[in-house]
Structure formats: C-alpha cells, structure tokens
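J.: Please see the structure below; I have some questions.
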Amino acid sequence: MAIQVGEKIPNAKLKTMKDGKMQDITTDEIFRGKKVVLFAVPGAFTPTCSMQHLPGFVERAGEIKAKGVDTIACVSVNDAFVMDAWGKDKGAAGKVLMLADGNGEFTKAVGLDFDGSGIGFGLRSQRYALIAQDGVVKYLGVEEPMKFQVSKAEAILAQL
C-alpha cells in the first residue's frame, strides 16, 4: 500500500555523491525538522524525466525554496554514480539533492514501486512528488501511467 498524506516517511538509507565519493544518507537526515519536496522518477536519463521532470525542478528551485522549502530532492531506482552524472548533466548542483535508491528499498517502503520487467527496466519507482514537513507527508501527487501532471514543479508550487 502506498504511503498516504498524514503518514511519516519510513526510515531508509539512500545513497548520494559528495566530493566524488558515494555516501549513505538516511531519510531522517533528509526530512527531520525540515520542509522537503521529494520527487521520484522511473529512471535517470529517460525522456520525460530528463526533458521535463528534473529540469522543471532545477528551473523552479528558487521559487520553491522561497516558499519555505529547505530541500528539493530527486530519487530514482538508479545507482549514485548515474544520479550524480544526471544531476551534473541537468545543472542540479545546489538546487536538487540527487538520491539513489539502487535496490529500490525506499521505493518499496513507500509502496510506490512498479515492475518494469516487461520492457527491460526491472523494479522502478512510479512517478510522484510529495511535500513533507518534519517527515510527515502533507501532499502526495502520484502520476497515472504515461501522465505528467501532479508531480511536476508547477503542481508542487501550487500546493506550497
């Protein structure tokens, strides 16, 4: 069952890159005491993710943070090296925290995974975005398959 508004983000460990090295980062470190926008994509460097989803948050980062958001984060079931390269390619540094959920543990814990084996993707995350205050979900927009409306930067700005 997918996480719901009013529920706490589950404890999980993700990966990120810092100073060229992969390191662990916990959901507690990301969310505790902060207002966070987290958006998830099915895969780095995939069409909608690369042309619209991540770029929208990079372009609107200043507006989003001006609404009191401490952290904007992007998570995908990819490894930290891929997420780092994708973030560099899209100019995310200092704007969007790139998070790797390589084994899909966080994605499964929030109940927003899907099986993309039929198209050679394996376990992936559904496309969604959430707003959390001190680790509690205040808004959750999960996209219907092949849609891109409730999780884009503009939708999040409208919710802040």
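The values are calculated or read from the model by the stated rules, or taken from the named source; none is laboratory data. Not measured: the values here are computed from a predicted model. Every residue, glycine among them, receives a Cβ derived from its backbone with ideal geometry; neighbour counts consider all protein chains shown.
J.: Collect the residues in region 85-105 that are basic (K, R) and surrounded by 14 or more Cβ atoms within 10 Å (Cβ to Cβ), keeping them in residue-number order.
T.: Within region 85-105, K90, K95 qualify.
J.: Now a separate question. Check V37, V69, V58, V75 and return the single one that is out of contact with any helix residue (DSSP H, G or I) (no Cβ under 6 Å at 6 or more places or on another chain), within 18 Å of D134 (Cβ to Cβ) and either of a type outside the set (G, A, S) or outside any loop (DSSP other than H, G, I, E, B) (or both).
T.: V69
J.: Quick check: anything in region 82-91 touching a strand residue (DSSP E or B) at 6+ places or on another chain (Cβ under 6 Å) and farther than 18 Å from T27 by Cβ?
T.: The answer is yes, given that some residue of region 82-91 is touching a strand residue (DSSP E or B) at 6+ places or on another chain (Cβ under 6 Å) and farther than 18 Å from T27 by Cβ.
J.: Let me ask something else about it. Quick check: is even one residue across region 104-125 among the polar types (S, T, N, Q), out of contact with any Lys or Arg (no Cβ under 9 Å at 6 or more places or on another chain) and part of a loop (DSSP other than H, G, I, E, B)?
T.: The answer is no; no qualifying residue exists.
J.: Taking the criterion of being of a type in the set (S, T, Y) and crowded, with 21+ Cβ neighbours inside 10 Å, would at least one residue in region 59-73 satisfy it? Walk me through how you get there before you give the answer.
T.: Keep residues of region 59-73 that are of a type in the set (S, T, Y), which gives 71.
Checking which are crowded, with 21+ Cβ neighbours inside 10 Å leaves us with none.
No: zero hits.
J.: Going by the conditions given, is V137 in a loop (DSSP other than H, G, I, E, B), surrounded by fewer than 21 Cβ atoms within 10 Å (Cβ to Cβ) and either at pLDDT 95 or above or of a type in the set (D, E) (or both)?
T.: no
J.: Within region 1-50, can you find the residues that are surrounded by 13 or more Cβ atoms within 10 Å (Cβ to Cβ), at pLDDT 95 or above and under 25 Å from P145 (Cβ atoms)?
T.: Within region 1-50, I3, E7, I9, P10, A12, L14, V37, L38, F39, A40, V41 meet the criteria.
J.: Could you list, ordered by first residue, the pairs with Cβ atoms under 6 Å in which the first is in region 87-111 and under 13 Å from V77 (Cβ atoms) and the second is of a type in the set (K, R) and surrounded by 17 or more Cβ atoms within 10 Å (Cβ to Cβ), at least 6 apart or interchain?
T.: A100/K15
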